[in-house]
Amino acid sequence: MPTHYAGTAEERRALNAYIKLQRAAETVLMHTTAHLADHALTTSQFGVLEALYHLGTLSQRELAQKLLKSTGNISTVLKNLEKRGLIARERNPDDTRYMDVCISETGETLLAGFFAQHVGGIVEEMSVLTPEEQTELARLCRKLGLREAAT
């Protein structure tokens, strides 16, 4: 759906691109994460488990930065994962101001049980694009995402 904003050509072009990006991202996210409910996980909880599974122990601050979440939000996500025994938190022995977070054996087992299916769903969703288009999309998204770092 294009914008109905009566601004300049530059404004309309930017808004139209933004609307399409936002709608595509929401649609893909909805299609690729619907199965998380089967495992009683939110998208944020899955993001934490996936990061810890692949990167190992991280501090709460590092997790928040990697997942683009506030430290307050990540604390709530971690509390709920910890209640289920999917992660463990402990004070960093070198700097007790920080909490280190690691995935538990239960969390690893849960994630390993469906991660291949999750990846398959992403591959299926992205298959509407050619390999070259996927590469170009990744490049363009990275360019947009890195803009903040340049300012």
What is the number of the single condition among (1) out of contact with any Gly (no Cβ under 9 Å at 6 or more places or on another chain); (2) assigned to a helix (DSSP H, G or I); (3) surrounded by fewer than 17 Cβ atoms within 10 Å (Cβ to Cβ) that His35 does not meet?
-> (1)
Residue pairs qualifying under the 8 Å Cβ cut-off, at least six apart or on distinct chains, with the first in region 55-73 being touching a residue at least 40 places away in the same chain (Cβ under 8 Å) and the second being assigned to a loop (DSSP other than H, G, I, E, B), are Ser59/Asn92; Ser59/Tyr98; Gln60/Tyr98
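Do you know which residues across region 68-79 are assigned to a helix (DSSP H, G or I) and crowded, with 17+ Cβ neighbours inside 10 Å?
Passing the criteria: Ile74, Val77, Leu78.
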How many residues does region 27-51 contain that are within 12 Å of the chain's Cα centre (by Cα) and among the charged types (D, E, K, R)?
-> 1
Residue hits (region 91-121; more than 19 Å from Leu63 (Cα to Cα) and either of a type in the set (Gly, Ala, Ser) or not in a helix (DSSP H, G or I) (or both)) are Ala112, Gly113, Ala116, Gly120, Gly121
Out of (1) surrounded by 11 or more Cβ atoms within 10 Å (Cβ to Cβ); (2) among the β-branched types (Val, Ile, Thr); (3) more than 12 Å from Val48 (Cα to Cα), the one Val128 does not meet is (1)
Among Ala88, Ala64, which is the only one that is over 30 Å from Ser127 (Cβ atoms), outside any helix (DSSP H, G or I) and among the aliphatic types (A, V, I, L, M)?
-> Ala88
Only one of these is at pLDDT 95 or above and of a type in the set (Val, Ile, Thr): Thr3, Thr57, Thr8. Name it.
-> Thr57
Go through the residues of region 122-129 one by one and say whether even a single one is of a type in the set (S, T, N, Q), out of contact with any Pro (no Cβ under 7 Å at 6 or more places or on another chain), in a loop (DSSP other than H, G, I, E, B) and at pLDDT below 90.
-> no
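The values are calculated or read from the model by the stated rules, or taken from the named source; none is laboratory data. All values derive from a computational prediction rather than experimental measurement. No Cβ is skipped: glycine too gets one built from the backbone with ideal geometry, and neighbour counts run over all protein chains shown.
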